[in-house]
Amino acid sequence: MPLRIFATCDIGPALNRLRDAGYELEVYPEPAAPPKAVILEKIRSGINGLICTLRDRLDEEVFAAAEATGKLKVVAQMAVGVDNIDRAAATRHGIPFTNTPDVLTEATAEYAFFILGMLARRMWSAEHLTRDLQWGYWHPSLPFLGDEVTGKTVAIIGTGRIGLAMARKCSGFDMNILCFSPKSQNQRFVAAIQQEMDLRLTNGIVSQPHWIRYASLEECLAQADFVSLHVPLLREGESATPTFHMFNHRTLRQMKPTAYLINTARGPVVDEDALAQALRERWIAGAGLDVYATEPLPADSPLRDPAIADRCRLLPHHGSQAQLTRLSPDPDLGMAGRCVQGLLNVLEGNYSGDVTQMPWVVNKEVGTHRDS
Ligand code: GLV
């Protein structure tokens, strides 16, 4: 009997690897996520592998159903963020789950950087001028000016893979960089970027010195012209350093009135009511968002307030939305390829069947859970 896989979404040609290898693959045919009832029904019908995306909520009920059948061996998520999966429940019920880190790092960091640039130079308003036939003349300062990025200070909040890639891209645009990490600091990376910055100065490639260093959150907020978020979503009880509503009335008020906030991490890291107020009352100059507390962004979101439209860019969770990054079947290039490889590692017993040795298994503790 071939092993059965259910994919909650068509993740493209990478799935052919499963078909070609003789797996019985069923793909949910709609572009929107399946209702949870469909996932439960598939699990209860005895699937052996589940391919999911960040749109699917996998909770205690789902993992308990999986344990009851004894058939489900692995959940493979096509995303790096896994806050939609109840890790403790997966582990408790003995199901390893995988994610797709690294392959989306550059795409997401460059998207964050482009949002930063779009905000600073007010490109959305500028395009509207042109399209709406409001571009009456060329003028030195009318109808508005933007802010240069070069020479400005960016605060990178969270120095994991994507945060460090964003820092690297900002250094290429001759920005100064403050780093904040709620967890460990990567001083080696910071020293290497500083060396590179110094080399550009001594070789006459730039005329001004630039710098990068770690700082406290308070200093980042007080000093930065741009604050870019790159922390995972961790709720109270999930971590000693939770990030839920890390950006709230108090922290938004600590930013400069000329500063911009960029969020390509997870929506709930920002209190959206507080942010809408901060934009309305101009505690900060603007925000560019790719992620939201509820996705898609609801019609009645305070972030849609037309009064703040000129300073609030709203994008549809597209950080990693690029050809190769999303769909390449190559596990070293694409999220889809890495997702399928993660699934196959478990199903085919690669790494001697030891999930603690498998790359991309998130809840590695599941490997020891059963014996403890
Ligand atoms: C995208 O947000 C991801 O987590 O992959």
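Could you check, for segment 40-53, whether at least one of its residues is surrounded by fewer than 16 Cβ atoms within 10 Å (Cβ to Cβ), in the same structural domain as K73 (by TED's automatic domain parsing), without any contact (Cβ under 8 Å) to a residue 12 or more places away in the chain and under 24 Å from D330 (Cβ atoms)? Taking every residue of segment 40-53 in turn, none turns out to be surrounded by fewer than 16 Cβ atoms within 10 Å (Cβ to Cβ), in the same structural domain as K73 (by TED's automatic domain parsing), without any contact (Cβ under 8 Å) to a residue 12 or more places away in the chain and under 24 Å from D330 (Cβ atoms).
Looking at segment 2-18 only, could you name the residues that are of a type in the set (A, V, I, L, M, F, W, C), open to solvent by 10 Å² or more (accessible area, probe 1.4 Å) and farther than 16 Å from A32 by Cβ?
So the first thing to find is which residues in segment 2-18 are of a type in the set (A, V, I, L, M, F, W, C), and the list is 3, 5-7, 9, 11, 14-15, 18.
Among the residues that remain, those that are also open to solvent by 10 Å² or more (accessible area, probe 1.4 Å) are: 3, 9.
The answer is L3, and nothing else.
Comparison of P232, P257 shows that the only residue that is open to solvent by 40 Å² or more (accessible area, probe 1.4 Å) and touching a strand residue (DSSP E or B) at 6+ places or on another chain (Cβ under 9 Å) is P232. Of L133, L40, L116, all but one fail to be within 30 Å of S171 (Cβ to Cβ) and away from the ligand (no atom under 16 Å from the Cβ); the exception is L116. Would you be able to say whether some residue in segment 142-154 is under 30 Å from I51 (Cβ atoms) and part of a loop (DSSP other than H, G, I, E, B)? The answer is no, given that none of the residues of segment 142-154 is under 30 Å from I51 (Cβ atoms) and part of a loop (DSSP other than H, G, I, E, B). Just so you know, in segment 55-79 the residues that are touching a residue at least 40 places away in the same chain (Cβ under 8 Å) and within 21 Å of A293 (Cβ to Cβ) include one that is farthest from the ligand (Cβ to nearest atom), and it is D56.
The values are calculated or read from the model by the stated rules, or taken from the named source; none is laboratory data. Nothing here was measured: the structure is a model prediction, and the numbers come from that model. Neighbour counts run over all protein chains shown; Cβ positions are idealised from the backbone, glycine included. Only protein heavy atoms, including side chains, enter the accessible area calculation; ligands, DNA and RNA are left aside. Shrake-Rupley method; radii C 1.70, N 1.55, O 1.52, S 1.80 Å.
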